[in-house]
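Any read-out appearing in this document is the output of simple, stated calculations on the displayed coordinates, not a laboratory observation. Small disclaimer: the values here were computed from a predicted structure and weren't measured. Virtual Cβ from ideal backbone geometry, glycine too; neighbours counted across all protein chains shown.
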Amino acid sequence: MAIERTLSMIKPDAVAAGNAGAILQHFEDNGLRVVACRKTQLTQAQAEAFYAVHAGRPFYGELVEFMTEGPIFAQVLEGENAVKAHRDVMGATNPKDAADGTIRKLYAESIGRNACHGSDSAENAAIEIAFFFAASDLL
Ligand code: GDP
């Protein structure tokens, strides 16, 4: 298996609930090393751009509103097969379908307010990492 990097976000619901530290620990406990991390609040334009692939979906407006309501943590995680490993640690999009012990099972409120984001492919990971970080930030 290859060592990969992926872009992870802790969404505003989980940051507001004080779960960011526990979620970062969860990543490290599952073999995902934090190579960059920053707390920021997305502007409407940034959230629209980040989720542009979902423009036109019925939940797009709600998603942009949610993602701008408070601070998020963005982090780059590194490990073996990190894109899939991180998505496995996050669990299914809808917490009702998420496996026991996953972040979304533990911390998500609903399919929309679901605690975390993870890149879905190595190609998108590279684009999403560049959205938040310069190469010199990746340590
Ligand atoms: P992910 O890769 O598991 O995050 O899921 P998707 O790429 O399908 O969706 C992106 C994000 O849009 C999800 O993480 C949710 O925050 C939101 N989302 C997806 N489906 C729905 C939905 O049916 N309703 C609402 N309100 N939000 C949704």
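How high is the relative contact order of the stretch 24-99, in percent, counting Cα pairs under 8 Å that sit 6 or more residues apart? Walk me through the numbers on the way to the answer.
Details: 65 pairs, mean separation 32.0, N = 76.
Rounded, it is 42 percent for the stretch 24-99.
Out of ALA52, MET90, VAL15, whose Cα points farthest toward the positive end of the dipole of the chain (charges: +1 Lys, Arg; -1 Asp, Glu; placed on Cβ)?
So the residue furthest toward the plus end is VAL15.
Would you look at the GNM of the chain, springs on alpha carbons closer than 10 Å, and say which of ALA14, ALA108, ALA22 moves the most?
Of the options given, ALA22 has the highest mean-square fluctuation.
Let me know the charge dipole size of the stretch 1-122 about its Cα centre in debye, to the nearest 20, where only the beta-carbon of Lys, Arg (+1) and Asp, Glu (-1) is charged. Don't jump to the answer; show the numbers that get you there.
Numbers: 12 positive and 15 negative charges, 17 e Å.
Result for the stretch 1-122 is approximately 80 debye, rounded to the nearest 20.
What does the charge count near PHE50 come to, summing +1 for each Lys or Arg and -1 for each Asp or Glu among other residues with Cβ under 12 Å from its Cβ?
Numbers: positive: LYS11; negative: GLU48, GLU128.
So the surrounding residues net to -1.
Quick one: what are the phi-derived ³J(HN,Hα) couplings along the stretch 109-115, Karplus 6.51/-1.76/1.60 with θ = phi - 60°, whole Hz, x for glycine and proline?
8, 6, 4, x, 8, 10, 6
Given an 8 Å cut-off on Cα distances and at least 6 residues of separation, report the relative contact order of the chain as a percent. Walk me through the numbers on the way to the answer.
Values: 242 pairs, mean separation 53.0, N = 139.
Computed value for the chain: 38 percent relative contact order.
In deg cm²/dmol, rounded to 500, what helix-only [θ] at 222 nm does the chain give when every DSSP H run of at least 4 residues adds -39500 (n - 2.57) and the total is split over its residues? Can you show the working numbers first?
Working: 7 runs with 55 residues, N = 139.
So the helix-based figure for the chain works out to -10500 deg cm²/dmol.
How large is log10 I(q)/I(0) at q = 0.15, 0.17 Å⁻¹ when the Debye formula is applied to the Cα atoms of the stretch 1-117, each weighted equally and without solvent?
These q points yield log10 I(q)/I(0) values of -0.64, -0.82.
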